[in-house]
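Report on the structure given below.
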Amino acid sequence: MKKTLFIVLLFGFWSCEKEVLNYEINLSDENLFNTPLIVLMHGYGGNAYNFKKGIGENGDFDSQISIIYLEAPFKIVPLMNKKVWYDFEISNGDTISNQEQINISTDKILKTIKRIIKENDIKSKNLYIGGHSQGGIMAYKIALGNPALFEGFIASSARLPVEYSIKDELAEYQNIKALIIHGKNDNVLDVKFARAGKNLLDKLGIQTQYLVKDNGHSLVPDFAMLIQNWIEDI
């Protein structure tokens, strides 16, 4: 029992204390200022490798787009590569999220993006952030809190965070765009959460493409193509 407890504590410590996140990366050969650079985050219980693989199975991104797949810092179970951005529980119909873990994940996401750009001498100023499910919730939080950093953000099968901040000056949102993708048969996060997100973004003056697809909580098969088309249109 003591050995098992030690392993649990060791892996929990490693997950929290590592300064930057693990990631998978596909860089475009065109290292230009306008080359799209998309940062994507997996959902609850996923990891960067499987998220990248899952997207690629249904049609990968164009080679002229650079993609970074970030991996969450917290493990569901030690010795298994199933990661989460934060823990949560549902009590009396309300979602209670671990805000300390959310803050840690947010800090690591921003630090990791900055380091990757520096270490790879990425010239792109055309930066997007997005994610699926819990990764999409993190994308909401980071983009709403840091609109000047991104050209746009993607929320796939996601919802607004339980807690998030809005800039006092709505003019700060005038240049950021959003893409919301949701399944009309989603039984994990009902499509009402997508509508709530769209309503908020409309109030903030954020130009939003809102897509409801004929699927459940899983990634839509044409996920990469939808994002590429959206970027081309904006």
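None of the figures in this text is laboratory data; all of them are computed from the coordinates on show. Just so you know, these numbers come straight off a predicted model, no measurement behind them. Note that we place each Cβ from the backbone using ideal geometry, even for glycine, and neighbour counts take in every protein chain shown.
Is the shape of segment 99-146 best called rounded, prolate or oblate, per the rule: a/c under 1.5 gives rounded, else a/b larger than b/c gives prolate, else oblate, with a ≥ b ≥ c the square roots of the Cα gyration tensor eigenvalues?
Taking the square roots of the gyration eigenvalues as a ≥ b ≥ c, segment 99-146 is prolate.
Using the Karplus curve 6.51 cos²θ - 1.76 cosθ + 1.60 with θ = phi - 60°, what ³J(HN,Hα) values do you get for each residue of segment 31-40, in whole Hz, with x for Gly and Pro?
Once θ is set to phi - 60°, the couplings for segment 31-40 become 8, 10, 5, 9, 5, x, 10, 10, 9, 10 Hz.
Compute log10 of I(q)/I(0) for segment 169-211 with the Debye formula, placing one identical point scatterer on every Cα and leaving out solvent, at q = 0.14, 0.24 Å⁻¹, to two decimals.
Results for segment 169-211 at q = 0.14, 0.24 Å⁻¹ read -0.34, -0.78.
With +1 on the Cβ of every Lys and Arg and -1 on the Cβ of every Asp and Glu, and nothing else charged, how large is the dipole of the chain about its Cα centre, in debye rounded to the nearest 20?
Magnitude of the dipole: close to 560 debye.
Can you tally the lysine pairs in segment 10-96 where the Cα-Cα distance is under 15 Å and the two residues are eight or more apart, or on different chains?
Lysine pairs satisfying the spacing and distance rule in segment 10-96 number 6.
Name the residues whose placed amide hydrogens come within less than 5 Å of the amide hydrogen of K177, ignoring near sequence neighbours (fewer than 5 apart) on the same chain.
Amide H to amide H, under 5 Å and 5 or more residues apart or across chains, K177 pairs with G152, F153.
For F61, which sequence-distant residues (separation of 5 or more, or a different chain) have an amide H within less than 5 Å of its own amide H, given hydrogens modelled in the peptide plane?
none
Residue-wise, which Karplus ³J(HN,Hα) couplings in Hz belong to segment 148-156, taking 6.51 cos²θ - 1.76 cosθ + 1.60, θ = phi - 60°, and x for glycine or proline?
Once θ is set to phi - 60°, the couplings for segment 148-156 become 6, 7, 10, 6, x, 9, 10, 10, 9 Hz.
Tell me which lysines have Cα within less than 25 Å of K167's Cα, excluding those fewer than 8 residues away on the same chain?
K108, K111, K114, K125, K141, K177, K192, K198, K203
Rounded, prolate or oblate, given the Cα gyration tensor of segment 2-233, with a/c below 1.5 counting as rounded?
rounded
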